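Visitor: Encoded as structure tokens, here's the structure I'll be asking about.
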Amino acid sequence: MKELSLHILDIAQNSVKANASLIQISIDEDTAADTLRITVADNGCGMDKELLQRVRDPFTTTRTTRKVGMGIPLMEMAAVGCGGSLDIQSQVGVGTTLCAVFGLSHIDRAPVGDMPGTMSVLVSGSPQIDFVYTHTVDGASFTFDTREIRTVLEDVPLDTPEVANWIQSYVQEGLDSLQTL
Amino acid sequence: MKSLAELQAIKNRVSQQVSLRQDREDGIRVVIGMATCGIAAGARPVMSAFMDEITKRGLADVTVTQTGCIGMCRLEPIVEVFMPGEEKVTYIHMNPEKVSRIVAEHIINKRPVAEFTIGAANE
């Protein structure tokens, strides 16, 4: 994966498959601590202890079309490769929280990349799910929340192409105002 | 600056089309593989390009959706186009540049772009 935003898109699909109704994504850039922390938290079905232990193994997957599942192992590799780590907490019936920490200034850290694209694709791919995305840079933050969008749209579905384009521009402008690193 | 007021304007404009869309069972479906393999190969910009092109051309009867791994990871990004009454067409090794041709030639003019399909790759 060339961008951290692609890892986020991929990991959030796990939450979608876990039947979450709310997926909260946050990126927290902290210059003083020199860390970039990505959290993806959902209220989906969760995993039992046994699955939770196996989930970093690339040969663990719930899919049936092939025998490998690379999403979590790839993200862990990216985090560990720049002095960070990946942690997953999960409870059956409650949900799952994945937290990956990256060395912010590490030379091998991939750029955050196109988060507006990731959010637009996530929302239009799962219009029935609510997404909250918070991006924080040294305390200043921008939040995108589909629950807010829904009150404006009413009966218009979130996967309408025009809405997807609006989301992309809206998130882009929000991030520009933060002057993302 | 993108505002919620602008979103409201989109809502008002689209509302009527939506009821139209729900009534029609003969809509065109574009399905994009969005599992790890698809994402790593570049499915996200392909999906954005479809959304963009469909908005630009004001195509109300086309829906863009996602699916997981189709099982041919080496051919990703994969896009399947379902036209009512036609057989499914599978496009492989997609990129945003190919999208405008598929929208113009296949979705609008009903002629699949043979050279981008999985059939062409197998020959």
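Visitor: Any residue in segment A:7-15 that is of a type in the set (S, T, N, Q), over 24 Å from A:Gln172 (Cα atoms), part of a helix (DSSP H, G or I) and touching a residue at least 12 places away in the same chain (Cβ under 8 Å)?
Guide: yes
Visitor: Select the helices (runs of 4 or more DSSP H) contained entirely in segment B:27-123, then report the ones holding at least 3 residues which are crowded, with 21+ Cβ neighbours inside 10 Å and of a type outside the set (Gly, Ala, Ser).
Guide: Output list reads B:36-41, B:43-57.
Visitor: Would you confirm whether or not segment A:56-69 contains a residue that is of a type outside the set (Ser, Thr, Tyr), at pLDDT below 90, surrounded by fewer than 19 Cβ atoms within 10 Å (Cβ to Cβ) and touching a Lys or Arg at 6+ places or on another chain (Cβ under 7 Å)?
Guide: Within segment A:56-69, one or more residues are of a type outside the set (Ser, Thr, Tyr), at pLDDT below 90, surrounded by fewer than 19 Cβ atoms within 10 Å (Cβ to Cβ) and touching a Lys or Arg at 6+ places or on another chain (Cβ under 7 Å).
Visitor: Residue pairs, Cβ under 8 Å, 6 or more apart or interchain, first in segment A:31-44 and among the acidic types (Asp, Glu), second in a strand (DSSP E or B). List them.
Guide: As it stands, the answer is A:Asp34/A:Gly103; A:Asp42/A:Leu22; A:Asp42/A:Ile23; A:Asp42/A:Gln24; A:Asp42/A:Gly95; A:Asp42/A:Thr96; A:Asp42/A:Thr97, since those pairs meet every condition given.
Visitor: Could you tell me whether any residue of segment A:147-162 is under 15 Å from A:Glu29 (Cβ atoms) and touching a helix residue (DSSP H, G or I) at 6+ places or on another chain (Cβ under 9 Å)? Before you say what the answer is, go through the steps one by one.
Guide: From segment A:147-162, those under 15 Å from A:Glu29 (Cβ atoms) are none; that's our starting set.
No, segment A:147-162 contains no residue that is under 15 Å from A:Glu29 (Cβ atoms) and touching a helix residue (DSSP H, G or I) at 6+ places or on another chain (Cβ under 9 Å).
Visitor: OK, next. Just to be sure before I move on: is A:Thr96 within 12 Å of A:Arg37 (Cβ to Cβ) and assigned to a strand (DSSP E or B) in the structure I sent? Reasoning before the result, please.
Guide: Values: within 12 Å of A:Arg37 (Cβ to Cβ): no; assigned to a strand (DSSP E or B): yes.
Criteria not met by A:Thr96.
Visitor: Being within 11 Å of chain B (Cβ to nearest Cβ), loosely packed, with under 15 Cβ neighbours inside 10 Å and without any contact (Cβ under 8 Å) to a residue 40 or more places away in the chain is true for just one of A:Thr143, A:Thr151, A:Thr160. Which residue is that?
Guide: A:Thr151
Visitor: Further question: Would you check if A:Val171 is touching a helix residue (DSSP H, G or I) at 6+ places or on another chain (Cβ under 8 Å) and either in a strand (DSSP E or B) or within 7 Å of chain B (Cβ to nearest Cβ) (or both)?
Guide: In short, no.
Visitor: Would you mind stating whether A:Asp108 is of a type in the set (Asp, Glu) and surrounded by fewer than 19 Cβ atoms within 10 Å (Cβ to Cβ)?
Guide: Yes: the conditions hold for A:Asp108.
The values are calculated or read from the model by the stated rules, or taken from the named source; none is laboratory data. Given the structure is predicted, the values throughout are model-derived calculations rather than measurements. Quick reminder, even Gly has a Cβ in these numbers, built from the backbone with ideal geometry, and neighbours come from all protein chains shown.
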